[in-house]
1. For the structure I just gave you, tell me whether Ala195 is assigned to a helix (DSSP H, G or I), at pLDDT 95 or above and within 15 Å of the ligand (Cβ to nearest atom).
2. What's the number of the condition Thr180 fails, among (1) closer than 23 Å to Thr105 by Cβ; (2) open to solvent by 10 Å² or more (accessible area, probe 1.4 Å); (3) away from the ligand (no atom under 15 Å from the Cβ)?
3. Looking at Pro17, is it out of contact with any Cys (no Cβ under 8 Å at 6 or more places or on another chain) and surrounded by 22 or more Cβ atoms within 10 Å (Cβ to Cβ)?
4. Would you check which residues across the stretch 28-83 are β-branched (Val, Ile, Thr) and either open to solvent by 60 Å² or more (accessible area, probe 1.4 Å) or under 24 Å from Asp229 (Cβ atoms) (or both) and list them?
5. Could you please give the count of residues in the stretch 137-175 that are under 13 Å from Gly211 (Cβ atoms) and either open to solvent by less than 30 Å² (accessible area, probe 1.4 Å) or not hydroxyl-bearing (Ser, Thr, Tyr) (or both)?
6. Looking at Val109, Val138, Val163, can you tell me which residue is modelled with pLDDT of 95 or more and closer than 20 Å to Leu39 by Cα?
7. Identify, please: which residue in the stretch 95-121 is in contact (Cβ under 8 Å) with a residue 12 or more places away in the chain, touching a helix residue (DSSP H, G or I) at 6+ places or on another chain (Cβ under 6 Å) and within 16 Å of the ligand (Cβ to nearest atom) and is, among those, most open to solvent (accessible area, probe 1.4 Å)?
8. Condition test on Val91, is it in contact with a helix residue (DSSP H, G or I) (Cβ under 8 Å, 6 or more places away or on another chain), closer than 26 Å to Gly212 by Cα and within 16 Å of the ligand (Cβ to nearest atom)?
Amino acid sequence: MPRRKIIAGNWKMNMTPSEAVELIETLKPLVVNEDVDVLFCVPAIDIIPAVEAVKGSNIMIGAENMYFEDKGAFTGEISPAMLTDAGVKYVIIGHSERREYFAETDETVNKKVLKAFEYGITPIICCGETLTQREQGVTIDFIRQQIKIAFLNVTPDQAASAVIAYEPIWAIGTGKVATTQQAQEVCKAIRDCIAEIYDDAVAASIRIQYGGSVSASSAPELFAQPDIDGGLVGGASLKADFGQIVCYNK
Ligand code: 13P
């Protein structure tokens with residue numbers, strides 16, 4: 001069965017609750033594509049009004065982060081039960097900005113991935129190399145390490161339903177999109193790594209997104225690659241351009 005594309009916006013730390021509702025109203029008619037799962041990952045405080053605002057549309061709402069404990073004395077954190085109760089089905093885990101500014105590690109990513117699955121939330125597991133790593137030729141080794149640790153103790157069924165986002169750090173927010181060949185090469189290497197950890201069936205089922213300066217002009221070629229199943233879009237997801245990205249095949 002061919003994999004269904006999944007195109008997600010990552011709003012990062014943008015949009016107040018009222019701005020969120022306004023943006024959703026603007027984008028709603030523009031992001032209709034029956035071939036694609038459309039997801040807006042929004043700041044925690046925007047989740048409840050966003051879930052309300054997308055009712056009756058094809059848009060799903062996801063979170064940008066989640067803690068790996070069920071509940072308790074973890075001031076400022078958001079629990080998996082809070083997300084499911086609010087209507088969230090997807091959560092971004094281990095974005096490079098969280099790794100860089102909030103000290104997330106491969107180990108905390110793994111804990112969060114396991115906890116998300118426990119609550120029936122699909123994790124979008126982020127990986128990606130720095131410019132130095134790319135220039136030193138260690139990109140694939142580094143990504144394989146990130147993937148292997150992220151998937152520790154994840155069952156084959158869970159892995160088959162997961163989403164991985166390959167986001168080269170040097171391409172995030174820089175306007176410097178990876179070439180189609182670079183993106184496809186790493187997404188294929190990720191799929192091969194999943195086949196090694198599990199088997200070909202899990203590898204064929206898992207969805208792998210590309211992220212990093214995706215735009216309306218780069219999306220069609222990127223998403224046509226055999227191992228790229230959609231995108232995780234930052235800046236361009238806050239504008240009408242996101243409609244063109246979602247409708248990349250029209
Ligand atoms: P940009 O699309 O703004 O480069 O951000 C990519 C990203 O980090 C998505 O998670």
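The values are calculated or read from the model by the stated rules, or taken from the named source; none is laboratory data. Because the structure is predicted, anything quoted here is derived from the model rather than measured. Every residue, glycine as well, gets a Cβ built from its backbone with ideal geometry; the counts of neighbours run over all protein chains shown. We work out accessible area using only protein heavy atoms, side chains counted, and drop any ligands, DNA or RNA first. Shrake-Rupley method; radii C 1.70, N 1.55, O 1.52, S 1.80 Å.
1. Here the answer is no, as Ala195 does not meet what is asked.
2. (1)
3. No: the conditions fail for Pro17.
4. Val31, Val32, Val36, Val38, Val42, Ile45, Ile48, Val54, Ile59, Ile61, Thr75
5. Final tally of qualifying residues: 11.
6. Working: Val109 fails: closer than 20 Å to Leu39 by Cα; Val138 fails: closer than 20 Å to Leu39 by Cα.
Testing whether each residue is modelled with pLDDT of 95 or more and closer than 20 Å to Leu39 by Cα leaves just Val163.
7. Ser96
8. Judged against the criteria, Val91 is a match.
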